[in-house]
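Working notes, structure below.
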Amino acid sequence: MQYQKITSEGTTIEFHNNWMGEETVIVKGQVVSKKSSVWGIDHPFTVLEKGKKVNFVLTTKVDANMQVLL
């Protein structure tokens, strides 16, 4: 299931997760991070924006209501 889309400087970052705790980050149709987590995790990745490398860290965590937060 798709959870959220984020846009930065024209780059669309997609975050997907499922009930088994598998989290996937996709940029330009390519998987840039895939990890399993129960309580949250960091997804570091690098993207080329306007000819320059840009480092991102998408951090997930689970709140008291068991909702995934970005």
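The values are calculated or read from the model by the stated rules, or taken from the named source; none is laboratory data. This is a predicted model, so every value here is computed, not measured. Here the Cβ is made from the backbone with ideal geometry for all residues, glycine too, and neighbour counts use every protein chain on show. For the accessible areas, the whole protein counts, side chains as well, though only heavy atoms, and no ligand, DNA or RNA atoms are used. Shrake-Rupley method; radii C 1.70, N 1.55, O 1.52, S 1.80 Å.
The one condition from (1) free of Cβ contacts under 8 Å to residues at least 24 places away in the same chain; (2) open to solvent by less than 80 Å² (accessible area, probe 1.4 Å) that Thr11 does not meet is (1). Only residues that are surrounded by fewer than 11 Cβ atoms within 10 Å (Cβ to Cβ) and on the phi > 0 side of the Ramachandran plot were counted in segment 27-70, giving 4.
Grab the strands (runs of 3 or more DSSP E) fully contained in segment 2-70, keeping just those with 1 or more residues being of a type in the set (Lys, Arg).
Once the strands (runs of 3 or more DSSP E) in segment 2-70 are filtered for at least 1 residues that are of a type in the set (Lys, Arg), what remains is 2-8, 30-36, 52-59.
Of the residues contained in segment 51-60, one or more are found to be without any contact (Cβ under 8 Å) to a residue 40 or more places away in the chain and among the β-branched types (Val, Ile, Thr). Selection of segment 6-59 for residues being under 9 Å from the mean Cα position of the chain (by Cα) and among the charged types (D, E, K, R) yields Glu14, Glu23, Lys34, Asp42.
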